[in-house]
Each structure stands twice: as structure tokens, then as C-alpha cells.
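Below: one structure, written as C-alpha cells.
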Amino acid sequence: MDIVLMSAALIGFGILVYVLLDGFDLGVGILFLWAPRDADRNVMMSSIAPVWDGNATWLIFGGGVLFAAFPTAYSIVLPALYVPIMVMLLALIFRGVAFEYRLKTNPTHRWVWDTAFWGGSTVVALMQGMMLGAVIEGFRVVNNRYVGGPFDWLTSFSVTTGFALVMGYALLGSTWLIMKTEEATQLWARSVAKPLLLIVLCFILMVSIKTPLEYPQIAQRWFSFPNILWLSPVPGLTTGLALKAWKGIISKEEHSPFWCTIGLFVLSYLGLAISLYPYLVMPHLTFWDLAAPESSLKFVLGVSCFTLPIVFGYTIFVYRVFKGKVTEQKNFY
Amino acid sequence: MDVALLSRIQFAFTMGFHIIWPILTIGLVTFLAITEACWLKTDNPVYLKLYKFFAKIFALAFGMGVVTGIPLAYQFGTNFSEFSHQAGAIIGPLLGVEVMTAFFLEAAFIGVMLFGWNHVSPKVHFLATVLVAVGTYNSTFWVISANSWMQTPQGHGFEAGRMFVEDWWQIIFNPSFPYRLSHMLVATYLSAALFVSGICAYFLLKRVHIEVAKKGFKMAILMVAILAPIQIFIGDLHGLHTKEHQPAKVAAIEALWETRQGAPLVLWAIPDRELATNRYAIEIPKLASLILTHDWNGEVKGLNEFKEVGIPSVATVFYAFRLMVGLGTLFLFVGVWGAWATYRGNLYRSRWLQRLSIICAPLGVVATISGWIVTEVGRQPWIIQGVMKTRDALSPIIPEIVSLSLLGFVIVYTLMGFAFLYYVHHLIQKGPETFVLEEEWLELVTHTAHITPKGK
């Protein structure tokens with residue numbers, strides 16, 4: 001297989017893992033202030049406190065491997081997204097330190113870190129969604145340099161994708177809470193998961209209709225023969241998963257809503273990848289235009305083959321250590 | 001101000017603030033691993049109390065390190081995109097490997113370290129501590145390798161305006177790497193030892209938590225006694241090596257404007273860039289030549305040799321170097337005093353040593369940052385020594401936007417810095433005795449922190 005394509009697959013995989021893992025803990029953060037009781041917030045926080053750091057590391061992985069394997073893409077996209085990246089990084093700080101400082105704060109002042117955690121998580125999700133929209137819309141590039149302005153990323157489409165991702169992460173977070181919590185907290189999580197699922201489905205539908213209409217090459221990718229045959233299960237599977245998630249939320253099931261939401265995210269992500277391939281920087285630059293020399297790709301891929309299985313091994317170990325329901329008595333150190 | 005200066009200030013500020021936390025955490029986690037090993041071996045609960053107390057401070061510092069570290073990698077792209085474009089094939093993989101071998105390891109096992117006491121056995125818990133320590137070393141290894149390559153680049157070639165790798169071995173183990181790695185690792189141990197000894201000295205001075213404080217103070221101050229002379233020795237080797245590879249940096253350190261034989265050691269001066277001379281200089285004749293060439297009349301290159309390509313900000317490098325060396329000498333003094341007091345058996349009664357230790361608690365971090373200022377500012381105008389200039393490395397962005405993000409970082413980091421100090425102060429006031437597991441749950445979970453009786 002082509003080494004450039006393998007590198008692209010590695011990054012795509014890293015970003016997907018990031019979206020799924022940090023997605024649920026950002027989602028818990030997005031829902032944080034909406035939870036009715038302080039007791040809910042304690043449980044919500046301790047359900048993600050031991051694992052959020054590992055989840056967030058996938059963000060550095062995605063950025064790091066993009067930098068390593070496609071340095072020119074990095075040098076085009078990051079200046080173009082300067083403002084949302086900086087806002088995201090600052091919001092991440094509020095969110096990250098809240099984990100530590102909230103626990104050590106007197107309950108009467110805890111609202112400061114509750115707000116920081118909620119606001120930070122929401123802004124991070126919003127910025128990531130807007131960046132996703134901007135990446136889909138593409139950048140003005142001349143001679144492998146970004147030539148657009150500082151606010152080109154801000155469009156009605158990117159605002160839409162921004163809100164879509166906030167809702168998507170919130171859905172992941174609420175279904176995570178259904179799985180990890182009990183009683184009142186779980187009931188509340190079920191009650192917010194319902195509208196969130198409907199909103200997310202609307203957004204998926206909107207993006208699926210808008211992109212083929214706007215970009216002829218995406219329409220061609222999906223609707224030309226024989227692609228349409230191979231790709232036709234994607235909308236079907238999406239519908240099936242959405243139905244199963246809904247049933248899980250309204251019944252007594254605790255695991256299926258989360259895993260079905262994960263499935264929805266994976267399918268949407270694959271759908272996007274199918275639409276954008278082979279372009280890394282829309283609308284003109286492909287993976288092959290932007291790849292690092294072979295010596296660098298080989299190094300990164302070699303180290304990944306060796307280290308990522310180990311990373312997965314101990315990540316699974318840590319999740320198993322903290323498996324099961326989170327109650328108020330557990331997990332504080 | 002232009003994009004170049006603003007981007008440099010922003011990177012320097014975010015880097016300078018970030019490095020505080022790795023300095024503390026790399027050293028502290030090593031200290032924690034030693035403490036936990038002692039606990040497992042002796043079953044003495046004092047070690048466990050010591051562990052739990054410093055693990056709390058470690059957790060705070062680690063959290064700060066994670067969130068302030070992410071902006072650095074992203075700034076390579078947002079603010080120095082030409083650097084990313086041209087050198088990404090070399091720097092990118094080094095940072096990517098850092099993520100894969102270090103960040104994941106730290107992030108996974110710090111959860112077990114902090115939250116896992118009731119979920120895993122003590123031995124597995126110890127393993128988690130050790131793995132976090134290994135993660136911090138891996139991280140230091142790769143990031144110092146990347147930085148050292150920018151100081152002493154080799155093993156790369158050029159093709160179509162971009163660098164590519166000819167030999168990974170030469171890139172990773174570039175000439176200045178061993179010096180910089182050992183200097184930095186010892187700096188983190190020394191800084192953490194000073195930090196621990198300062199806090200324990202505070203307890204001793206206030207006569208609280210005596211048992212825990214004695215143990216921690218002795219461990220830490222003896223660490224200072226061992227590490228301070230080693231650090232001075234490594235620093236000297238590093239300086240001699242820098243003279244071979246980056247003579248302009250050494251000329252700025254010595255504020256030597258003209259190449260000369262028998263160069264004096266300038267103890268203090270006000271370097272004047274306009275006139276290319278020093279004002280109010282206090283010098284020791286010929287000593288710089290002796291130190292740098294081991295010959296009274298050896299030739300030392302002056303800044304005049306580098307006028308064509310540009311020279312760094314001499315005053316910054318000059319003063320930062322003197323601050324670092326001055327503090328290093330102070331640490332040597334503290335270490336020798338501590339070792340002597342231990343030998344005489346009056347370590348815990350020596351009030352002045354305790355007071356001095358408290359003052360030194362944050363100074364290891366200050367000395368390390370000074371050292372980084374010397375090496376980074378001293379490399380200017382180059383971003384990659386002799387290969388690429390900083391002003392050719394910039395992103396196509398406008399200064400207004402950079403000013404705003406810089407302002408954002410200054411405000412947020414100042415807030416976070418104060419929050420850290422506030423909570424560390426809070427932890428120190430509570431002291432190590434209170435961190436008994438069951439009680440802590442009660443305190444955190446029920447909302448009665450202020451009425452829960454302390455000290456079980």
C-alpha cells in the first residue's frame with residue numbers, strides 16, 4: 001500500500017479516536033451546568049477525571065502526526081485557522097485545570113470552576129466544529145501558502161457545523177452518563193439524550209444534503225455508478241443505529257445508546273472522509289501534494305506500528321481499572 | 001510591533017510559562033517513585049503520607065503542564081508556518097514520537113496514580129508511578145533532541161526548498177544533545193529537590209507535621225548536595241561545547257564584543273549594543289580565556305565576527321546567564337550546608353538553613369528558565385542555527401491577531417498561575433497529615449468540608 005495513504009489513514013484514525021474519546025468527556029463538560037444537582041456534577045466529573053487526560057492526548061497526536069507526515073498541510077491550515085485554534089487552546093486551559101482545582105475548592109466557590117469547565121468544554125467543541133466546517137469549505141492557497149484573511153473560516157456553514165459538533169459531543173456525553181451513572185443522574189441523562197439525538201440527526205441530514213449540492217465532485221463521488229452501490233448501506237446503517245440509540249434511551253438499556261452514538265459518529269466521519277478523499281486541503285491539494293519525504297513518513301509509521309498497540313493495551317487497562325458505575329463515594333483520591 | 005517580534009514574544013511567554021510545570025513534574029514524579037519504593041520496602045506510613053502530599057502538588061503541576069503544553073506544538077503551525085513547511089519533516093516526527101512514547105504513557109497512568117488507590121494493588125500502583133516517570137523521561141528525551149537539533153543541526157538535506165532526513169541517527173543524537181539532555185534532567189531533579197526541601201523546611205520551621213517534614217527535608221536536601229556540583233560540572237562541559245558549535249552565543253554570554261586573546265571574564269557590566277562595548281564593566285583579566293580554552297592567552301571569538309549575519313540580544317543573554325550561574329552557586333552552598341548539617345547531626349535544628357531552603361524553593365525553576373533564555377535567545381537570529389533565520393520562519397498572519405492571542409495568553413496564564421499558587425498554599429496549610437483516604441472522600445463528597453473534623 002502507498003506509504004502516503006497509510007500516513008493519511010494513521011492521521012484519520014488518530015482524529016477519529018480523538019473525536020470519540022474526547023468527544024464524550026467534552027460532552028460531559030458541555031452538559032455540566034445543565035445538570036440539576038451538585039451531586040450530579042460530582043458524579044459527572046469523577047466519571048471522566050481518570051481518563052480525560054489520555055483522551056485529550058489524541059488531540060496532540062493528531063496535530064503531531066499531521067505536522068510530521070504532512071508538514072505543508074500543517075503550514076497552510078494552521079495559519080488559516082489561527083483565531084479558532086487560539087480560542088480553542090485558551091478554552092482547553094480553563095477546562096483542563098478545572099479537573100484539579102474544582103476538587104480542592106470550597107463548595108461555596110465551586111461555581112467558578114463549574115463555569116470554567118462548562119464554558120471551556122463548550123467553546124472547545126464549538127471551535128472544533130467550526131474548524132471542521134472551514135476544512136470542508138477549503139482555503140485560499142497560492143504556491144503552497146495560505147493567502148486568505150484571518151476570518152475566512154467564519155461562515156454560516158462553519159457556524160452550523162460548530163453547533164452540530166457541540167450537540168454531537170453533548171449526545172456522546174449524555175449517553176456516556178447513561179452508561180456510567182445510576183438513578184437520578186442517569187434519569188436526567190436519558191431526558192437530555194432524547195432531544196440531543198433528534199437535533200444531531202437533523203444536523204447530519206443537513207450536512208448530507210448541503211455538501212453534494214454545493215460540491216459537484218462530492219455528488220459524483222456518492223451518486224455515480226458503481227459507487228452508489230458500495231455506499232448505499234451508509235445511510236441505511238445510520239438510520240438503523242439512530243433507531244437503536246433511541247430505543248435504548250427510552251428503555252432501560254444502559255450501554256446501547258453510547259455505542260450506537262459512537263457508531264453514528266464513525267459513520268458520519270467515514271462519510272466525510274469518502275466525500276473529501278483524496279483532498280487534504282480543499283479544494284485542490286491532495287495527500288500526495290502535501291506529504292513529507294519518504295524518510296519521515298517511514299519513521300513515523302514505523303514508530304506508530306510499534307507504539308500504538310502498546311498505547312491501546314494500557315489505555316484499555318486503565319479503562320478496565322475504572323470500569324463500572326461511578327458513585328459519589330468512589331474515585332476521589 | 002511586527003509579526004516576527006510578537007510571535008517570538010508569544011512563543012517565549014507560553015514556553016517560559018509551560019516549562020515551569022515539566023521542571024517540577026519530571027523531578028517530583030522521580031521523587032514520588034523513590035518515596036513509594038521506600039514505603040513498599042519499609043512499610044513506614046511516613047513515606048505514604050509524604051507520597052500522598054506531594055502527589056497532590058504533582059497533580060496540580062501536571063494538569064498545568066498538559067494544558068499549557070498543547071499550545072506550543074500548535075504555534076509551530078499557527079505562528080511559524082514557514083518553519084513547519086521547511087523543517088516539518090524533521091521536527092514533526094520527533095514531536096510525533098514524543099506523543100506516542102511519552103504523552104500517552106503519562107496521561108494513562110497518572111489516572112491510576114491519582115485515582116487508583118482503591119482500584120489496584122500497591123505494587124501495581126507503584127508500577128503506575130514508575131511508568132509516569134518513564135513517560136516524563138521519554139518526553140524530555142525527544143523534545144530535547146528536537147531542540148538540540150535546532151541548535152546543532154546535522155543529518156539533513158535540502159530538496160525543493162524543504163529539508164529532508166538523510167540520517168535519523170545523526171539528527172536524534174546531534175552534537176549538543178547529550179549535554180543539553182543531561183543538563184536539563186539534572187535541572188529538573190535539582191529544582192524539584194529544592195521545591196520539596198523548601199516546603200518541608202517550612203513545616204519544620206513552623207513545627208508542624210514534623211515526622212513527614214523531617215523525612216522529606218533530609219531526602220531533598222541531600223539530593224541538592226549531590227546534584228548541585230554535578231550540575232555545575234555538566235554546565236561547564238555544555239559551555240565548552242557551545243563555544244565550538246555556537247561561538248556567537250558564548251560571545252554574548254561573555255559580552256565579548258571583539259575577538260581577542262587573553263579575554264577577561266566580565267563579572268558585571270551594562271552591555272551597550274549601539275557602541276558595541278560594555279559600560280561599568282567589572283572584569284577579571286584573562287579568566288574567560290582560561291575557562292573556555294584552558295590557556296591564559298587563548299583566543300575567544302567576539303561578537304564582531306558575527307555582525308554580517310546578526311547577533312543576539314547581548315544584554316538578555318548576559319544577564320540571564322549570570323542569574324543562572326549565581327543561583328547555581330547558591331544551590332551548591334545550600335547543598336554543602338545541608339550535607340554538613342546532616343553529618344553533624346543537627347539538620348533539623350538549623351533554623352537558618354530552613355529559612356534559606358524556603359527562599360530557594362522556587363529558585364531552581366527560575367535558574368532553569370534563565371538557562372533556557374540563554375540558549376534560545378543566544379541562538380538568534382537563527383531559528384535553526386546556520387540554516388534558517390527566525391524572520392524567514394513566520395506565518396502569513398497579521399500582527400493585530402497575534403497581539404490579541406498574546407494578550408489572551410497573558411491574561412489566562414496569569415489567572416492560572418495565581419490559581420496554582422492559591423491552591424498550593426491551601427495544600428501546604430492543610431499539610432500532609434490530613435490526606436487520609438476515607439476522610440478525604442467524606443470531605444469532597446458531602447458538602448461539609450468546613451465542619452468535617454480534621455486529623456484522624
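The values are calculated or read from the model by the stated rules, or taken from the named source; none is laboratory data. Note that this is a predicted model, so its numbers are computed, not measured. As a convention, Cβ positions derive from the backbone with ideal geometry for all residues, glycine included, and neighbour counts pool all protein chains shown.
Output the residue which, of all residues in the range A:1-48 that are buried (at least 20 other Cβ atoms within 10 Å of the Cβ) and part of a loop (DSSP other than H, G, I, E, B), is farthest from the chain's Cα centre (by Cα). Per the criteria, the residue is A:Ala35.
Is it the case that the range B:269-286 has a residue that's buried (at least 16 other Cβ atoms within 10 Å of the Cβ) and not in a strand (DSSP E or B)? Among the residues of the range B:269-286, at least one is buried (at least 16 other Cβ atoms within 10 Å of the Cβ) and not in a strand (DSSP E or B), which makes the answer yes.
Could you say which residue among A:Phe317, A:Phe332 is at pLDDT below 90, surrounded by 20 or more Cβ atoms within 10 Å (Cβ to Cβ), at the interface with another protein chain (Cβ under 9 Å from one of its Cβ atoms) and over 30 Å from A:Arg145 (Cα atoms)?
Details: A:Phe317 fails: surrounded by 20 or more Cβ atoms within 10 Å (Cβ to Cβ).
Exactly one of A:Phe317, A:Phe332 is at pLDDT below 90, surrounded by 20 or more Cβ atoms within 10 Å (Cβ to Cβ), at the interface with another protein chain (Cβ under 9 Å from one of its Cβ atoms) and over 30 Å from A:Arg145 (Cα atoms), namely A:Phe332.
Would you check which residues across the range A:138-148 are touching a helix residue (DSSP H, G or I) at 6+ places or on another chain (Cβ under 9 Å) and of a type outside the set (A, V, I, L, M, F, W, C) and list them? Answer for the range A:138-148, where residues must be touching a helix residue (DSSP H, G or I) at 6+ places or on another chain (Cβ under 9 Å) and of a type outside the set (A, V, I, L, M, F, W, C): A:Arg140, A:Asn144, A:Arg145, A:Tyr146, A:Gly148. How many residues are over 15 Å from the mean Cα position of the chain (by Cα) and in contact (Cβ under 8 Å) with a residue 40 or more places away in the chain if we restrict to the range A:155-174? Residues that pass the stated criteria total 2. Please verify whether the range A:100-109 includes one or more residues that are more than 7 Å from every other protein chain (Cβ to nearest Cβ) and surrounded by 24 or more Cβ atoms within 10 Å (Cβ to Cβ). For the range A:100-109, residues more than 7 Å from every other protein chain (Cβ to nearest Cβ) and surrounded by 24 or more Cβ atoms within 10 Å (Cβ to Cβ): absent. Taking the numbered list (1) crowded, with 21+ Cβ neighbours inside 10 Å; (2) at pLDDT below 90 in turn, A:Thr122 passes all entries but (2). If you check A:Leu270, A:Leu241, A:Leu229 for being part of a helix (DSSP H, G or I), touching a Gly at 6+ places or on another chain (Cβ under 8 Å) and away from chain B (no Cβ under 14 Å), only one passes: A:Leu241. Looking at B:Ala55, B:Ala59 in this structure, which one is within 7 Å of chain A (Cβ to nearest Cβ), assigned to a helix (DSSP H, G or I), surrounded by fewer than 24 Cβ atoms within 10 Å (Cβ to Cβ) and out of contact with any strand residue (DSSP E or B) (no Cβ under 8 Å at 6 or more places or on another chain)? Just a single option satisfies the conditions, and that option is B:Ala59. In contact with a Gly (Cβ under 7 Å, 6 or more places away or on another chain) and on the phi < 0 side of the Ramachandran plot: does that describe A:Val65? In short, yes. Going by the conditions given, is A:Val87 closer than 30 Å to B:Phe80 by Cβ, of a type outside the set (S, T, N, Q), part of a helix (DSSP H, G or I) and away from chain B (no Cβ under 12 Å)? Considered against the rule, which asks whether it is closer than 30 Å to B:Phe80 by Cβ, of a type outside the set (S, T, N, Q), part of a helix (DSSP H, G or I) and away from chain B (no Cβ under 12 Å), A:Val87 comes out as no. Hey, can you tell me all the residues within the range B:398-428 that are facing chain A (nearest Cβ under 9 Å), touching a residue at least 40 places away in the same chain (Cβ under 8 Å) and surrounded by 15 or more Cβ atoms within 10 Å (Cβ to Cβ)? B:Val402, B:Ser405, B:Phe409, B:Tyr413, B:Met416, B:Phe420, B:Tyr423, B:Leu427 - these are the residues of the range B:398-428 that are facing chain A (nearest Cβ under 9 Å), touching a residue at least 40 places away in the same chain (Cβ under 8 Å) and surrounded by 15 or more Cβ atoms within 10 Å (Cβ to Cβ). Take B:Leu194 and tell me if it is crowded, with 22+ Cβ neighbours inside 10 Å, more than 21 Å from B:His85 (Cβ to Cβ) and in contact with a Cys (Cβ under 8 Å, 6 or more places away or on another chain). Criteria met by B:Leu194. Scanning the range B:347-397 for residues that are within 14 Å of another protein chain (Cβ to nearest Cβ) and either under 19 Å from B:Ala228 (Cα atoms) or in a loop (DSSP other than H, G, I, E, B) (or both) gives B:Ala393, B:Leu394, B:Ser395, B:Pro396, B:Ile397.
Looking only at the range B:83-107, residues that are among the charged types (D, E, K, R) and either facing chain A (nearest Cβ under 7 Å) or surrounded by 24 or more Cβ atoms within 10 Å (Cβ to Cβ) (or both) come to 1 in all. Tell me, yes or no, whether the range B:197-213 has at least one residue that is surrounded by fewer than 18 Cβ atoms within 10 Å (Cβ to Cβ), within 25 Å of the chain's Cα centre (by Cα) and over 14 Å from B:Ile90 (Cβ atoms). Scanning the range B:197-213 turns up no residue that is surrounded by fewer than 18 Cβ atoms within 10 Å (Cβ to Cβ), within 25 Å of the chain's Cα centre (by Cα) and over 14 Å from B:Ile90 (Cβ atoms). Checking A:Ile178, A:Ile209 one by one, the residue that is of a type in the set (Val, Ile, Thr), part of a helix (DSSP H, G or I) and closer than 21 Å to A:Ile136 by Cα is A:Ile209 and no other. Check the range B:21-34 and report whether any residue there is within 8 Å of chain A (Cβ to nearest Cβ), under 30 Å from B:Trp149 (Cβ atoms), surrounded by 21 or more Cβ atoms within 10 Å (Cβ to Cβ) and within 21 Å of the chain's Cα centre (by Cα). No; the residues of the range B:21-34 include none that is within 8 Å of chain A (Cβ to nearest Cβ), under 30 Å from B:Trp149 (Cβ atoms), surrounded by 21 or more Cβ atoms within 10 Å (Cβ to Cβ) and within 21 Å of the chain's Cα centre (by Cα). Of the residues making up the range B:150-168, at least one is more than 26 Å from B:Gly328 (Cβ to Cβ), crowded, with 19+ Cβ neighbours inside 10 Å and either in contact with a Ser or Thr (Cβ under 6 Å, 6 or more places away or on another chain) or of a type in the set (Val, Ile, Thr) (or both). Residue-level check: of (1) at the interface with chain B (Cβ under 10 Å from one of its Cβ atoms); (2) surrounded by fewer than 24 Cβ atoms within 10 Å (Cβ to Cβ), A:Ala80 misses just (2). Selection of the range B:308-317 for residues being crowded, with 18+ Cβ neighbours inside 10 Å and within 19 Å of the chain's Cα centre (by Cα) yields only B:Val317. Determine which single condition A:Leu92 fails, assuming it passes every other condition in (1) more than 7 Å from chain B (Cβ to nearest Cβ); (2) under 28 Å from B:Val112 (Cα atoms). Condition (1) is where A:Leu92 drops out.
Name the single residue, out of those in the range A:31-77 being small (Gly, Ala, Ser) and farther than 25 Å from B:Leu105 by Cα, that is nearest to the other protein chains (Cβ to nearest Cβ). Ranking the qualifying residues of the range A:31-77, first place goes to A:Ser75.
Cβ-Cβ distances below 6 Å connect the following pairs, each with a first residue in the range A:221-249 that is touching a residue at least 12 places away in the same chain (Cβ under 8 Å), a second residue that is surrounded by 11 or more Cβ atoms within 10 Å (Cβ to Cβ) and charged (D, E, K, R), and a separation of six or more residues or different chains: A:Ile249/A:Arg190; A:Ile249/A:Lys194.
Looking across the range B:150-179, the residues that are within 14 Å of chain A (Cβ to nearest Cβ) and either within 27 Å of the chain's Cα centre (by Cα) or of a type in the set (Gly, Ala, Ser) (or both) come down to B:Gly155, B:Gly157, B:Ala160, B:Gly161, B:Trp168, B:Trp169, B:Gln170, B:Ile171, B:Ile172. Within the range B:119-139, the presence of at least one residue that is surrounded by fewer than 20 Cβ atoms within 10 Å (Cβ to Cβ), of a type outside the set (Val, Ile, Thr) and facing chain A (nearest Cβ under 7 Å) is confirmed. Scanning the range B:244-261 for residues that are outside any strand (DSSP E or B), of a type outside the set (D, E, K, R) and out of contact with any Phe, Trp or Tyr (no Cβ under 6 Å at 6 or more places or on another chain) yields B:His245, B:Gln246, B:Pro247, B:Val250, B:Ala251, B:Ala252, B:Leu256, B:Trp257, B:Thr259.
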